[in-house]
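Working notes, beginning with the structure itself.
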Amino acid sequence: MASKAALLEQTASGQTAAPVAVDRRALFTKRVRQWSAVALMAVAWASYNTIADWQKNNAFLINASDSLPNWAFFVHLHHTPAKDDYVFFAPPANPLVQRHFGPTSGPFGKRVIGMPGALVEHRGSDVYVDGVRVAHMKPLTRTGEPLTPGPVGRVPRGCYYVGTRHPDGFDSRYAEIGFACASQIIGTGTPIL
């Protein structure tokens, strides 16, 4: 077999080089690297699509309110709430909400206390859902603005009585919030912190 120097000399002088033995190990390593790169790109593409799908159906939310015990939630968008779920919804655009939370307030987060068909009653300043006391209504906000007692009767189809145990909770106990209905609901939440 010709040496490398002899092959280079023949090629430089215009002569045809003799066939060179292929280093199978180097070729194998090269092919493994190429297929590994293809596999890595496929995994990256699948991960991107999975993350994009997750983002279409989920969100991360920071709770700035004292009314819920947790401050961070994964929100499962477009989920129909069940009793005791955390639910996130767009609050009604009324003057009191806008004065206290701004014209572009973020979503409100509460617990589902009353499902469609549940009976909401006021007994004095207390609110009962299906005979269980769930809240106490205050006549004024912390800043002295009047609050209106919330809706009573059966919770309509597609709506929910939402609230918290917090004494200053701004929720369905007041007409300014009322029932949270399907058109307002963003999704349900899972507390993470």
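The values are calculated or read from the model by the stated rules, or taken from the named source; none is laboratory data. Fair warning: this is a prediction, and the values are worked out from it, not measured in the lab. Note that each Cβ is placed from the backbone with ideal geometry, even for glycine, and that neighbours are counted across all protein chains shown. Just the protein is used for accessible areas: all its heavy atoms, side chains included, with ligands, DNA and RNA removed. Shrake-Rupley method; radii C 1.70, N 1.55, O 1.52, S 1.80 Å.
Considering each residue of the range 118-127 in turn, none proves to be surrounded by 12 or more Cβ atoms within 10 Å (Cβ to Cβ), outside any strand (DSSP E or B) and not small (Gly, Ala, Ser). Among the residues of the range 78-107, those identified as open to solvent by less than 100 Å² (accessible area, probe 1.4 Å), among the polar types (S, T, N, Q) and assigned to a loop (DSSP other than H, G, I, E, B) are Asn94, Ser105. If you filter the range 22-63 down to residues that are surrounded by 10 or more Cβ atoms within 10 Å (Cβ to Cβ) and part of a loop (DSSP other than H, G, I, E, B), you find that the one that is modelled with the highest pLDDT is Asn63.
Looking at the range 171-193 only, could you name the residues that are open to solvent by less than 30 Å² (accessible area, probe 1.4 Å) and polar (S, T, N, Q)? Listed by number, the residues that qualify are Ser172, Thr188. Flag set for Asp168, criterion: within 20 Å of Leu68 (Cα to Cα) and exposed (fewer than 13 other Cβ atoms within 10 Å of the Cβ). Restricting the range 154-165 to residues that are over 28 Å from Thr143 (Cβ atoms) and part of a loop (DSSP other than H, G, I, E, B), the residue that is least open to solvent (accessible area, probe 1.4 Å) is Val155. No other residue among Gly163, Gly106 is closer than 27 Å to His78 by Cβ and either in contact with a Ser or Thr (Cβ under 9 Å, 6 or more places away or on another chain) or of a type in the set (S, T, N, Q) (or both) apart from Gly163.
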